[in-house]
Amino acid sequence: MGRIASIVCCLSLAAGSVRTQAQDTVRHPERTRNTFSTEGWWKPAGPKFSPEVHDDRTITFRLRAPQAERVELLFDEWDVVPQTMQRDTGGIWSLTIGPVEPRIYQYKFRIDGLETVDPVNPDVKAGTTIYGSVVEVRGGEEPRFDERRRVGGEVHLLPYRSSSLGQLRTAWIYVPREAVEHPARRLPVLYLRHGGGDFEGSWVREGRVAAIMDNLIAEKAAVPMYVVMTNGLTDGSWAGGSTPEGIRLLERELIGDVIPLVENRYPVRRDKRCRAIAGLSMGGGQAFVIGLRNLDLFSAIGQFSAGILSDGTFDYERYIPGVMEDPERINRELALLWIACGTKDPRHAGHLDTVEELHRRGVRCEFHDAPWGHEWQFWRLQLHDFAQRLFRNNHQ
């Protein structure tokens, strides 16, 4: 009986296989022998279509737009001058510029009045929107300060819940090489905030924080430190991250959620001497306000190009009530109050007024400027210089 059952089972399986093959033939009546081949794939990549950075630091931009009547290149982030591109017989528009200084540049194309990114370049500057394409000109024998040239730290993404906003958020955390190699060693922390058009990863992507810190630490120009970056928007708008009410929500999130999370997950120093806060534009205003409101938590504040402090109507009592009444405490509690703005930035005059007002009130601060606008190159430079001044007397 067992043999009969086995034979029946085998016949059933065979019949099923025949039916499957028949059904497969019905579904794919055109099926023939396989002619797929990868022959011809194995060849080196050709030259980059656009942008093509040459050894002499000139850059060639190309765009395939055979129906366009006029194409212009909009190059750089601040001092942008439209440059007309030329079309060949195949409908490809091109332009070579430079040589230019080694740096990270932003650019766009304007096609018959419509501005757009480079469709063949995946490297873009993005935050709350996509601002443009990005091209990098390396430093050659003398690498740039923000160019990755060392094997260094890591960038971690750490999810958390913001109790003040009722949202799930993500912190981006730069972990220095020293922390990777010596996981029990306690290191200081810089809490770094982004601008109004950015997101929590902008300091990593556009600001090149990991490359800057890796280079500084390897050169022993800066103390090994963690850098923690969180989202500085409450509702997606600049106003939400700049009003007293919005900053108060972000302050509660930072102090109640982010700092405890970081101190529980990483072996960081927990005393105020080893904790600093800084930011650019909207985030610079947040750093200034949150830092001064919490002098027991932070030993250094860095403010780069904040709009609220450039406004002549900035009300200290609305943002930091009572703090300015005791300048001696500010000077005693802060090892560094760093204020910076580019000279081409329309916020520059307001920053000069802010520094004068702080000095008039007896508050010690440093002011730094350079011939830049409201742009990432200035903020990279400020981070590079500011980080070198942190935690020097408290690192163990």
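The numbers here are math on the coordinates, done by the rules we state, and not lab data. This structure is a prediction, so every number in the text was calculated from the model and none was measured. Positions of Cβ are backbone-derived with ideal geometry, glycine not excepted, and every protein chain shown enters the neighbour counts.
The alpha carbon radius of gyration of the chain, expressed as a multiple of 2.2 N^0.38 Å, is 1.32. Exposed loop sites were defined as GluC sites (Glu not before Pro) in DSSP loop states (anything but H, G, I, E or B) carrying at most 10 other C-beta atoms within 10 Å; in the chain the longest segment without such a site runs 142-396.
Computed from label points 7 Å out along Cα-Cβ, the spacing between D235 and N393 is 4.3 nm.
Here the chain is scanned for trypsin sites (Lys or Arg not before Pro) in DSSP loops (not H, G, I, E, B) that have at most 10 other Cβ atoms within 10 Å, and the longest stretch holding none of them is 34-219.
Bridges between two residues of the chain, per DSSP, are antiparallel at a rate of about 60%. For the pair R148 and A221 in one chain, pulling the backbone fully straight at 0.36 nm per residue adds 24.7 nm over the alpha carbon distance. Okay, which of region 53-71 sit inside 19 Å, backbone N to the point 7 Å along the Cα-Cβ direction of R87? So the set is 61-71. For G132, nonlocal amide neighbours, meaning residues 5 or more places apart or on other chains whose placed amide H falls under 5 Å from its own, are K125. If R0 equals 41 Å, the separation of the Cβ atoms of D311 and D271 corresponds to a calculated FRET efficiency of about 0.75. Summarising the overall dimensions of region 86-188 from its C-alpha atoms, the Rg and Dmax are 20.4, 64 angstrom. At a Förster radius of 35 Å, what calculated FRET efficiency corresponds to the Cβ-Cβ distance of T96 and W42, to the nearest 0.05? Between T96 and W42 the formula returns 0.65.
The overall shape of region 322-396, judged from the alpha-carbon gyration tensor, is oblate: a/c is not under 1.5, and a/b is no greater than b/c.
Between the helical axis of 282-293 and the longest alpha-carbon principal axis of the chain there is an angle of about 50 degrees. Taken one residue at a time, the phi angles of region 309-324 give Karplus couplings (6.51, -1.76, 1.60, θ = phi - 60°) of 7, 7, 6, x, 9, 4, 9, 4, 6, 6, 8, 9, x, x, 5, 6 Hz. Gly and Pro are set to x. Pairs of Lys residues in the chain, spaced 8 or more positions apart or belonging to different chains, with C-alpha separations under 30 angstrom: 6 in total.
For R103, nonlocal amide neighbours, meaning residues 5 or more places apart or on other chains whose placed amide H falls under 5 Å from its own, are V137. Name the shape class, rounded, prolate or oblate, that the alpha-carbon gyration tensor gives for region 306-360, where a ≥ b ≥ c are the square roots of its eigenvalues, rounded holds for a/c under 1.5, and otherwise prolate holds if a/b is larger than b/c and oblate otherwise. Oblate, since a/c reaches 1.5 and b/c is not below a/b. Take every Cα pair under 8 Å whose residues are at least 6 apart in sequence, average their separation, divide by the length of the chain, and the relative contact order is 11 percent.
Only DSSP H runs of four or more residues enter the estimate; each adds -39500 (n - 2.57), and after division by the residues of the chain the mean residue ellipticity at 222 nm equals -8500 deg cm²/dmol.
For V268, the amide hydrogen comes within under 5 Å of the amide hydrogens of L187, counting only partners 5 or more places away or on other chains and with H modelled in the peptide plane.
Counting only alpha carbon atoms, the long axis of helix 209-218 and the longest principal axis of the chain meet at about 70°. Across N294, N34, N121, mean-square fluctuation computed from a Gaussian network of the chain (C-alpha pairs under 10 Å connected) peaks at N34.
Each residue of region 43-52 was assigned a 3J(HN,Hα) from its phi angle through the Karplus curve 6.51 cos²θ - 1.76 cosθ + 1.60 (θ = phi - 60°); the sequence is 8, x, 5, x, x, 5, 6, 6, x, 10 Hz, with glycine and proline shown as x. Working from label points 7 Å from Cα in the Cα-to-Cβ sense, the H182 to A370 distance is 3.0 nm. Could you give the angle, 0 to 90 degrees to the nearest 10, between helix 376-387's Cα long axis and the longest principal axis of the Cα atoms of the chain? Between the helix axis and the principal axis of the chain, the angle is about 60 degrees.
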